[in-house]
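Contents: one structure, followed by commentary.
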Amino acid sequence: MSNGGIIGPVNDPTRGDLTTTFTASGTYTSPGFGPGQADYLVVAGGGGGGSGRNNEGAGGGGAGGYRTSFPGGTKLAIPASPISVTVGGGGAGSSSPSAGTNGNPSIFSTITSTGGGGGGSATCGGNNPGSPGGSGGGGQYSGTGGTGNTPPVAPPQGNAGGAGVTSAPYAAGGGGAGGTGGNPNGTVGGAGGIGLSSSITGCSVSRGGGGGGGTAGSPGQTGGPATFGGGAGGNNTLAGTAGVANTGGGAGGGSSGSNGGTGGSGIVVVKQYQATPTYQNAPGVWSLQEQYNFKKNNQWTS
């Protein structure tokens, strides 16, 4: 294209803001341009799936709490001093008649996201609820779904798990960041609640899905589905599927003596903005008009 007499591709300047992603615990230090404000995404570890018995499916784990300011929310003030970052691990799946283990919290500055609730497991007495958490675990038999957004924050960090039923397949899905866990539909365990998508890193990524409930029935029958990083429920031959790492996805529940899966680990993303924007120049061809505009605004340095 033509750009002031020079032929070639035109470069566009980009701001010098910094996005940092933590997939494990660490320390965040404000970059060289000093203190400022930042958007954040803080996702906790997902809950573990419950275990099944006697041809009964078990509840799926709830997604880890999902808290974000991006886009349009209240940003955090970032000091010059380092900030500790905690990325929560997923909860273990149950291998005995007890609920799956809750996920672990993720923490950045004043923001804490709570781990997802474990899925309810099949027991002799029935009435096996999912555990509360960032999103609640799915219930089993007559058990209710675990409550989400526990402890409560605004905007909510998650949703409740689905409720179990007293006939096959018994088990409900765990809650997700974007929706409640599904109840069993008569043949298949409840679906995991949907998660949410974020483009804070520049690319849209889906996270925070609940785990599917386990399915009772003939070997090979499909377990409760899950998306957004959650794990699918197990069936008579397969254990519940683990949540996807660094999505906070809840794990799938087991079935007929199979274990629940392990919840997915969480993630922390920090997008810090320069107080006075500067622009990063790249080598190549620049249009004369762009050079003029940036020079006029005192933003052209080379």
* Asked: Sorted by mean Cβ packing within 10 Å, highest first, what order do the peptides 97-104, 205-212 take?
  -> 205-212, 97-104
* Asked: If you count, for each residue, the other Cβ atoms within 10 Å and average over each peptide, how do 56-63, 36-43, 21-28 line up from highest to lowest?
  -> 56-63, 36-43, 21-28
* Asked: Semi-axes of the equivalent ellipsoid of segment 29-70: what are they in whole Å, largest first, if each equals the square root of 5 times a C-alpha gyration tensor eigenvalue?
  -> 41, 9, 4
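Starting from the Cα gyration tensor of segment 23-104, multiply each eigenvalue by 5, take the square root, and state the resulting semi-axes largest first in whole Å. Please list the in-between numbers first.
Numbers: eigenvalues 286, 36, 8 Å².
Ellipsoid semi-axes (Å, largest first): 38, 13, 6.
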* To do: First obtain the Kirkwood hydrodynamic radius of segment 17-276 from its Cα pairs, then insert it into the Stokes-Einstein equation at 10 °C and 1.306 mPa s, and state the resulting D in µm² per second as a whole number.
  => 95
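What does the extension gain come out to for A24 and A80, with contour length at 0.36 nm per residue minus their alpha carbon separation? Numbers along the way, then the final one.
On the way: separation 56, 0.36 × 56 = 20.16 nm, distance 2.18 nm.
Full-extension gain reported as 18.0 nm.
Throughout, read-outs are computed from the coordinates displayed, never taken from laboratory work. In this text the structure is predicted, and so the values were computed from the model without any measurement. All Cβ positions, glycine included, derive from the backbone under ideal geometry; neighbour counts span all protein chains shown.
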